[in-house]
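S.K.: Pasting a structure here, questions to come.
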Amino acid sequence: MALILCLETASTNCSVALAKDGALLDLKEDNDKNYSHAEKLHVFIKEILEENGLKPEDLDAVAVSKGPGSYTGLRIGVSAAKGLCFSLDIPLISIPTLYSLALQVKQETNYIVPMLDARRMEVYSAVFDPTKIQIRDTKAEVLEETSFSEYLEKGKIIFIGSGVEKFENICSQANARYIKSLPSAREMAKAAENKYQKSDTEDVAYFEPYYLKDFIAG
């Protein structure tokens, strides 16, 4: 069993959670559309520990959202996580961002498609079955009216994330359902505990975020 600090910075939501034995203890979030990660992340980490009567030395591991997502957001989150793990000599756990987003879906459905807004009509997406098993690779793709048609023809799909509005505007398929949401550290708690118990951790020195695409300035 473990006390794990969870960091989610892949989108505009700067999110920090504290989890004990896979259960959420506390959560701090700020969804500032201008990205508040650089200003808020370390403040949230300090506050969430202090408000729960804890010190950094009490942590057993740090979990971080690995991407895909915002290049700058991921870099800030991973840098903070690695810094803590280095200084405290504790394991680093990475959680795929789209998997964490898929975990927000509680409704019955045939498929879950988390999608994060990228550029123009592009999104980062993956496909999961109802048990949250990934059945299609993560991709950066330009949305078209026929996107995901092979799954929509088979059954109901819940599309969730910051990219759903783009697809909702061009998809008229009756099997599509949409949830506008952002990744949160809340969903990382149980996933991080499962990885911790399996010693499924990252090499702190060499771990890099899963950017999926090269950074484009501007």
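The values are calculated or read from the model by the stated rules, or taken from the named source; none is laboratory data. This structure is a prediction, so every number in the text was calculated from the model and none was measured. Don't worry about glycine lacking a Cβ; one is built from the backbone with ideal geometry, like all the others, and counts go over all protein chains shown.
S.K.: Identify, please: which residue in region 52-76 is assigned to a helix (DSSP H, G or I) and touching a Leu at 6+ places or on another chain (Cβ under 9 Å) and is, among those, surrounded by the most Cβ atoms within 10 Å (Cβ to Cβ)? I'd like the intermediate steps shown before the answer.
M.R.: Step one: of region 52-76, the residues assigned to a helix (DSSP H, G or I) are 56-58, 71-76.
Filter again for touching a Leu at 6+ places or on another chain (Cβ under 9 Å), leaving 56-58, 76.
On the way: 56: 14, 57: 9, 58: 12, 76: 20.
If we take residues in region 52-76 being assigned to a helix (DSSP H, G or I) and touching a Leu at 6+ places or on another chain (Cβ under 9 Å), then 76 is surrounded by the most Cβ atoms within 10 Å (Cβ to Cβ).
S.K.: Tell me which residues, restricted to region 103-114, are surrounded by fewer than 24 Cβ atoms within 10 Å (Cβ to Cβ) and under 11 Å from the mean Cα position of the chain (by Cα). Before the answer, list the steps.
M.R.: If we filter region 103-114 for residues that are surrounded by fewer than 24 Cβ atoms within 10 Å (Cβ to Cβ), which is where we start, we get 103-111.
Within region 103-114, 103, 104 qualify.
S.K.: Still on this structure, please answer the following. Pick out the one residue from 190, 139 that is assigned by TED's automatic domain parsing to the domain that holds residue 73, outside any loop (DSSP other than H, G, I, E, B) and of a type in the set (Lys, Arg).
M.R.: On the way: 139 fails: assigned by TED's automatic domain parsing to the domain that holds residue 73.
Sole residue among the options that is assigned by TED's automatic domain parsing to the domain that holds residue 73, outside any loop (DSSP other than H, G, I, E, B) and of a type in the set (Lys, Arg): 190.
S.K.: Only one of (1) farther than 22 Å from residue 73 by Cα; (2) acidic (Asp, Glu); (3) surrounded by 15 or more Cβ atoms within 10 Å (Cβ to Cβ) is not met by residue 187, so which one is it?
M.R.: Checking residue 187 against (1) farther than 22 Å from residue 73 by Cα; (2) acidic (Asp, Glu); (3) surrounded by 15 or more Cβ atoms within 10 Å (Cβ to Cβ), the one that fails is (1).
S.K.: With respect to residue 127, is the statement that it is under 30 Å from residue 62 (Cβ atoms), assigned to a strand (DSSP E or B) and not charged (D, E, K, R) true?
M.R.: Values: under 30 Å from residue 62 (Cβ atoms): yes; assigned to a strand (DSSP E or B): yes; not charged (D, E, K, R): yes.
It is true that residue 127 is under 30 Å from residue 62 (Cβ atoms), assigned to a strand (DSSP E or B) and not charged (D, E, K, R).
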